[in-house]
Every structure is written in structure tokens, then in C-alpha cells.
Amino acid sequence: MTTADSASTDAIQAALAVEHSAIYILGALGGRTSASSAPALASALEAAYEDHVNAREALAIRVVAAGLEPVASSAVYDLPRRIGSAESIGAAALRLEQDTTATYLSLAPKATGTDRILLVQLLCRAAARQLDLGAKPTAFPGT
Amino acid sequence: MLSRRTAVALAVVTPLAASACSASETLNPVKAPPPSTPPAPANPDQSVIDATVAEILGADEGAPAAFVELHRIHIEALAPTKGVQAATTGRWQERQLALVTTLTSAAGHAADPQLITLLASAAAAQQQLLHGRGLA
């Protein structure tokens, strides 16, 4: 494996670690959201959760294809503080997606070839999910 | 500043040259080389930029104002070569979807990390607008 290949796989592994964290946190946020009193938020969280699970799978497949062991999930992650209301849960989920977008944007130049393209595709998905959580479109998401 | 070695060499050569010139007026005067500016280094990503901007321009026709405004911002940031022509086919929704793919692919092929970031973020912005209208 060349240095460039190694750096590219490192970027994929870093993205995978982000997805592990996002899945854990979104699961916790979804568990605190009422589908009857906040149906739009519950739906957005569920869609985001599924999207992150798909991203995790796509990234893990890429790492395995490179002949490496995918980075494992931690047993526990820090949850956002003060998530007692639907508004605060929505805000926490939006921050999560904004952070995910920024992370993907920082990782993309470190990857090469199809790894980079995958990271940009996942960046696009993360940016789009921000809108489901109340964000406005911006000219340069993640910056 | 001249080095000691160069200064010494000039001191030796100059009288000889002057003497040679005065001895023969038929010699052609030595012409100074024409002033020239070195060519600007070519941007290896310029073809990626121009092809991408052609797609952005192509996505303009018939697109809602929000898309056109975003296109202008991205074109300005990409700094294409003058005279890039729009590449246009299909409905504006299809062209807009294709533009996200184009920007993603261009980010995959670019060499400059700053350009990669710019193209990737631009792809995400276009995706946001499409997603906001239920188109992606």
C-alpha cells in the first residue's frame, strides 16, 4: 500500500468513526423524541439515522476492501447536554449534521480516487439532512 | 551584491573586452536579449475547473433563481478561463442533478486541496437546494 493509499484509508476510517458516533447519538435523540407530538422531528431523526447506518456500511466495505479492519465503535459516546425538549433535540441533531458535514469536507482532500468521491457523496447527504432539521441552504456547506 | 569571485573575474575580463571592441569597429554590437516575462505557471486543475463551470452554466437555463444565484457564486469562486461555454442538455432538473455528479467527480479528480474543498462544498450546496425542493 502506498503512502497516498494509506492516507486515503485513514480518511475513510476517520469518517467511519464519525458515523459510529452519529449513529449512537441519533439513536439516543430519537429515543427521546415523541413521534406523536413531534412527528416531523421524529421522521427527520429516523431518516438521518438510516442514512448514517448506510454511510457506515459503505465506509466499512471500503476499509475491508483495502485489506484492513474497520475501526470499531466505542462503547459509549458523550451525549449533547440539555436535550429535554423537541426544540433542543432538533438543535442537537442539526449541530451533529453540521459537524458531520464539516468533518467530511476536511477529510475529502486527504482521500484519493473513489474514496474521495465517496466522502464527497456522504458530505452531500449530510448537507442535505441539515435542511430536514431546520437549516437554510448555504453556498458552501461545511466551511 | 557581487561575490568576490565574480567581481575578480569581471575585473579581468572587462579591459580585454573593451580593448577588443576598440580594435575592430566592424563587430556587431551585442544586443541585449528582449525583455520577457516568464509565463505564468499553468494550473493543472484548470481543465477540471473549466469543464465544471461549463456544466454549471449549462444548468442555468430554466432553473429557479435560487439555483442561478448559487451558480454565480460557485463560478466566481472557481475562477474559470474566460469564454467558457455552457454545456446544455435536458430539463433543468436533470441538468441540476447532473451538476452535483459533475462537481463530485471534479472534486475527485482535482489536485489542489483547496480546489477539492471548494468543489466538494459546492456539490453539497447544490444538493441542498435540490433536496429542499424534493428533487434529491
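The values are calculated or read from the model by the stated rules, or taken from the named source; none is laboratory data. Remember, predicted model here, so these are calculated numbers, not experimental data. As a convention, Cβ positions derive from the backbone with ideal geometry for all residues, glycine included, and neighbour counts pool all protein chains shown.
Within segment B:78-99, the presence of at least one residue that is more than 9 Å from chain A (Cβ to nearest Cβ), under 22 Å from the mean Cα position of the chain (by Cα) and without any contact (Cβ under 8 Å) to a residue 12 or more places away in the chain is confirmed.
What tally of residues in segment A:86-125 results from selecting those that are surrounded by fewer than 23 Cβ atoms within 10 Å (Cβ to Cβ) and not in a helix (DSSP H, G or I)? Residues that pass the stated criteria total 1. Search segment A:43-57 for residues being crowded, with 16+ Cβ neighbours inside 10 Å and in contact (Cβ under 8 Å) with a residue 60 or more places away in the chain, and hand back the single one that is farthest from A:I83 (Cα to Cα). Per the criteria, the residue is A:A55. Looking across segment A:85-109, the residues that are touching a residue at least 40 places away in the same chain (Cβ under 8 Å) and in contact with a Lys or Arg (Cβ under 8 Å, 6 or more places away or on another chain) come down to A:I89, A:E97, A:A108. Criterion applied to A:A40, A:A35 was being within 26 Å of A:T138 (Cα to Cα), free of Cβ contacts under 8 Å to residues at least 12 places away in the same chain and surrounded by fewer than 16 Cβ atoms within 10 Å (Cβ to Cβ), and the one residue passing it is A:A40.
Of all residues in segment A:116-133, those satisfying the criterion of being over 19 Å from B:T102 (Cβ atoms) and either facing chain B (nearest Cβ under 8 Å) or out of contact with any Leu (no Cβ under 6 Å at 6 or more places or on another chain) (or both) are A:A126, A:R129, A:Q130, A:L131, A:D132. Just one of the listed residues (B:P113, B:P44) is surrounded by fewer than 22 Cβ atoms within 10 Å (Cβ to Cβ) and within 14 Å of another protein chain (Cβ to nearest Cβ), namely B:P113.
Residues checked against (1) in a helix (DSSP H, G or I); (2) at pLDDT 95 or above; (3) of a type in the set (G, A, S):
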| residue | (1), (2), (3) |
| --- | --- |
| B:E61 | no, no, no |
| B:K82 | no, no, no |
| B:A86 | no, no, yes |
| B:V100 | yes, yes, no |
| B:L115 | yes, yes, no |
| B:L119 | yes, yes, no |
| B:A122 | yes, yes, yes |
